[in-house]
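Asks: My questions will all concern the structure given below.
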Amino acid sequence: MTGAVRVTLARQGWAFDAPAPATVLQSAERAGVRLPSSCRNGTCRTCICLSTSGTVRYLIEWPGLSLDEKREGYILPCVAIAETDLVIEAPAASRLPAPSDTGA
């Protein structure tokens, strides 16, 4: 996966690749990690989390974050593409059930 960067969830210790052009949220889901989300277009703020390391760029011109939130490191994974390795704090993150866990 050329161009893939690593996203690490600080509290859980989980990590996954986040290759562009996938968003951080899409990459998490592909890796079996559920981040809270709803609108998937940067307005509802359900997915907001704190990035303690790394940089992102956004798919939209102005995601639903204040200037202060951006300065403090908050990101919206649903519209953020990781440009460098990231460390994020997402306390409500959980593991998606493996296909064999669904009874299928």
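Asks: What residues have an amide H closer than 5 Å to that of V56, excluding those fewer than 5 places away on the same chain, when H is modeled at 1.01 Å from N in the peptide plane?
Replies: Residues meeting the criterion, in which the H sits 1.01 Å from N, are E83.
Asks: Applying the Karplus parametrisation 6.51 cos²θ - 1.76 cosθ + 1.60 with θ = phi - 60° to the phi angles of the range 9-15, what ³J(HN,Hα) value in whole Hz is obtained for each residue in order, glycine and proline being reported as x?
Replies: 8, 4, 6, 7, x, 8, 9
Asks: A further question follows. Taking the simple approach of a point 7 Å from Cα along Cα-to-Cβ for both D17 and T43, what is their distance in nm?
Replies: 3.4
Asks: Tell me, what % of the accessible area of the chain is carbon and sulfur with a 1.4 angstrom probe?
Replies: Details: 2870 of 5790 Å².
In the chain, the share of accessible area belonging to carbon and sulfur is 50 percent.
Asks: Another question about this same structure. Relative contact order, percent, of the range 1-68 when contacts are C-alpha pairs under 8 Å separated by at least 6 residues? Walk me through the numbers on the way to the answer.
Replies: Numbers: 54 pairs, mean separation 11.9, N = 68.
The normalised contact order for the range 1-68 reaches 18 percent.
Asks: Could you list which residues have their amide H under 5 Å from that of A20, counting only those 5 or more apart in sequence or on another chain, with H placed in the peptide plane?
Replies: Those qualifying (amide H under 5 Å, at least 5 residues apart or on another chain) are V5.
Asks: What whole-number value in Å² describes the accessible area per residue of the chain for a 1.4 Å probe? Walk me through the numbers before you get to the answer.
Replies: Details: 5790 Å² over 104 residues.
Spelled out: the 1.4 Å probe surface of the chain, per residue, equals 56 Å².
Asks: Let me ask something else. Please give the length that would be gained between A31 and W62 if that part of the chain were fully extended, namely 0.36 nm times their separation in residues minus their C-alpha to C-alpha distance (nm, one decimal).
Replies: Working: separation 31, 0.36 × 31 = 11.16 nm, distance 2.71 nm.
Here the answer is 8.5 nm.
Asks: Please turn the phi angles of the range 32-37 into ³J(HN,Hα) values with the Karplus equation 6.51 cos²θ - 1.76 cosθ + 1.60 (θ = phi - 60°), one per residue in order, whole Hz, x for glycine and proline.
Replies: So the J values, rounded to whole Hz, are x, 10, 9, 9, x, 7.
Asks: List the residues, sorted by chain then number, that are 5 or more residues from Y74 or on another chain and whose placed amide H is less than 5 Å from its amide H.
Replies: Residues meeting the criterion, in which the H sits 1.01 Å from N, are S51.
Asks: How high is the relative contact order of the range 23-104, given as a whole-number percent (alpha carbon pairs under 8 Å, six or more residues apart)? Please report the intermediate quantities before stating the final value.
Replies: Working: 136 pairs, mean separation 33.9, N = 82.
Contact order relative to length: 41 percent.
The values are calculated or read from the model by the stated rules, or taken from the named source; none is laboratory data. Because the structure is predicted, anything quoted here is derived from the model rather than measured. Glycine also receives a Cβ, built like all others from the backbone with ideal geometry; neighbour counts cover every protein chain displayed. The protein model used for the area step is the full one, side chains on, heavy atoms only, and it has no ligands, DNA or RNA in it. Shrake-Rupley method; radii C 1.70, N 1.55, O 1.52, S 1.80 Å.
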